[in-house]
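Take a look at the structure set out below.
What follows is calculated from the coordinates using simple rules that are stated; it is not laboratory data. Please read these numbers as outputs of a predicted model, since none were measured by experiment. Because the Cβ atoms are built from the backbone with ideal geometry, glycine has one as well, and the counts that use them run over all protein chains shown.
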Amino acid sequence: MALSKEFSRHPSLGDRAAALFSNNNIHPSEVAKILDSLSPDDALRVFKDFPIRRQEQVFAYLDMGLQQHIICGITQDRAAHIINSLSSDDRLRLIESFKGVNRSELIAKLDEKKRAAMEDIMGYPKNSVARLINTDFATISEGMTIAEAITHLQEHHADSETANVIYVVSNDGKLIDDIPVRRLILNKSDKKVADIMDGYFVHLEITDSADDAVTKFQEYDRTVLPVINGDKVLLGVVTIDDVMDVAEAKNTRDMQKFGGLETLDFPYVKTPFLSLVKKRAGWLVILFLGEMLTASAMGHFEHEIEKAVMLSLFIPLVISSGGNTGSQAATLIIRALSLGELKLQDWFYVMRRELFSGLALGVILGSIGFIRISIWQELGWYNYGPNWILLAITIFFSLIGIVLWGTISGAMIPMILKKLKQDPAASSAPFVATLVDVTGLIIYFSIAALVLRGTLL
């Protein structure tokens, strides 16, 4: 039965809550979406009516802001139960969303083992694999038979998302191998675990970054990877859902930066108005001040514009072409750097490639500009004067120069920022466009001064 139909039968909030937790066919994520759509207080009232098992299932899927509201609005005992039931990575995100005394109070609600693990994990950098680690994993020893291994798993490990892969460890906890559950099931029960091991496993180091985890998951097409320390002791696992969250967050940050704004701390629809304005105003002010240099550049060529007013007609055409090609190049290089297709040492290869690309694109656009002026002049659609051919030549070479400069700038700025250990996404399209606007005017009028000297100028 569709969830919307289920709700249409229960118009009151209490009835809708009853429908949610009584129908176990509804996935917890669907329940979470409904709760997220309610006001925080209404969602809290609905959540309180859930049985404890349903609360455990739904809580991890809720928006972080609603999780905070619920934890603060339920009894201390129930809050402690829910926090302890979360996977270690979800628990970390929730606890770190609180500050000061509130955070300490949440940590105090953990049992002794979970509290020690949480304090250890919180000592690692923000972008480290340790922040994604899930300490709920299943282990066996290589000396067991498959039958013994299965019995051991049934007695010592609960059903969880990490149980699709079983880890073979030594007596001192060092990782030896990983075995998919299917390999245990499809082999004879009297075989030794050592007999079905392949001796090869992909793993993450506890010191790896979250971006390293994303890359490794993509490279090896895994759903879960073990995390070990320098002594090869198995510390936990990282699952694909958490890595996807990291990748999504990173892509969102990059897109926001590339659009010329600071990254948002919350989703767009939940970002306060003043915060949204503040995040957008910073870059806009910087870009506006940059564009003021464009006006200064035009003022420098004031006499040329007075003598050849026709030149001003083509300023938007040639300048926008440089900004567009620069943005294209920046997009390509930033993405290539993000995917690891390019390294800093490839800068000369990139410059050489973009040099020829810029020349080719410039010739294409310059030719179109030349042809456009010629057609308009010959058909009488516009009179560019007796020196129209020189004007067409000016546009042709200006477009080559500006497009070439825009392409090289767009490609090199991300690599320079990368070298300076800054985020390449900060070389956003607006930034590149502003830079090319100012320098493009200088290129345009400099070429015009050479070609039109003695005629229009």
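Beta bridges assigned by DSSP with both partners in segment 139-248 are antiparallel in approximately 75 percent of cases. Peptides 318-326, 409-417 ranked from most to least packed give 318-326, 409-417, packing being the mean of other C-beta atoms within 10 angstrom over each peptide's residues.
Would you mind checking the pairs Lys99/Lys279; Lys113/Lys270; Lys188/Lys216; Lys216/Lys419; Lys278/Lys421 and listing those with alpha carbons more than 27 angstrom apart? In this structure, Lys113/Lys270; Lys188/Lys216 lie more than 27 Å apart at Cα. Over the chain, the ratio between the Cα radius of gyration and 2.2 N^0.38 Å evaluates to 1.37. The aspartates and glutamates within cross-link reach of Lys48, meaning a Cα-to-Cα straight distance under 16 Å and a gap of 8 or more places when in the same chain, are Asp15, Asp36, Glu56, Asp77. The order of the peptides 81-88, 133-140, 395-402, 448-455 by mean Cβ neighbours within 10 Å, most packed first, is 395-402, 133-140, 81-88, 448-455. For Asp208, the residues whose amide H sits under 5 Å from its own are Val129, ignoring neighbours fewer than 5 places away on the same chain, with H placed 1.01 Å from N. For the chain, the residue among Leu186, Met144, Ser275 whose Cα projects farthest onto the positive side of the dipole built from Cβ charges is Ser275. Simple rule: put +1 on each Lys or Arg Cβ and -1 on each Asp or Glu Cβ in segment 111-197, find the dipole, and look at Ile166, His156, Pro125; the Cα lying farthest toward the positive end is Pro125. Placing dummy labels 7 Å off each Cα toward the beta-carbon, the span from Leu274 to Glu30 is 4.1 nm. Treating r as the C-beta distance of Thr223 and Ala249 and R0 as 22 Å, the FRET efficiency rounds to 0.70.
The calculated FRET efficiency for the pair Phe288 and Asp241, based on their C-beta separation and a Förster distance of 35 Å, comes to about 0.25. Couplings for segment 136-144, taken from phi via the Karplus curve 6.51 cos²θ - 1.76 cosθ + 1.60 with θ = phi - 60°, read 9, 9, 9, 10, 9, 10, 5, x, 6 Hz in order; Gly and Pro are left as x. For the chain, the 222 nm mean residue ellipticity estimated from helices alone, with every DSSP H stretch of n ≥ 4 adding -39500 (n - 2.57) and the total spread over all residues, rounds to -20000 deg cm²/dmol. Helices assigned as whole DSSP H runs in the chain whose Cα atoms extend at least 27 Å along their own long axis and whose mean Kyte-Doolittle hydropathy is 1.6 or higher are found at 388-419, 429-451. At full extension, Lys343 and Gln76 could sit 91.0 nm farther apart than now, given 0.36 nm per residue minus the alpha carbon distance.
Work out the FRET efficiency for Asp198 and Ile375 from their Cβ-Cβ distance, taking R0 = 51 Å, and round it to the nearest 0.05.
So, using R0 = 51 Å, E works out to roughly 0.15.
Between amide H atoms placed 1.01 Å from N, distances below 5 Å from Asp177 occur with Val168, all of them 5 or more places distant or on a separate chain.
Report the local net charge at Met122: Lys and Arg +1, Asp and Glu -1, summed over other residues whose C-beta lies under 14 Å from its C-beta.
Taking every other residue near Met122 into account, the sum is +4.
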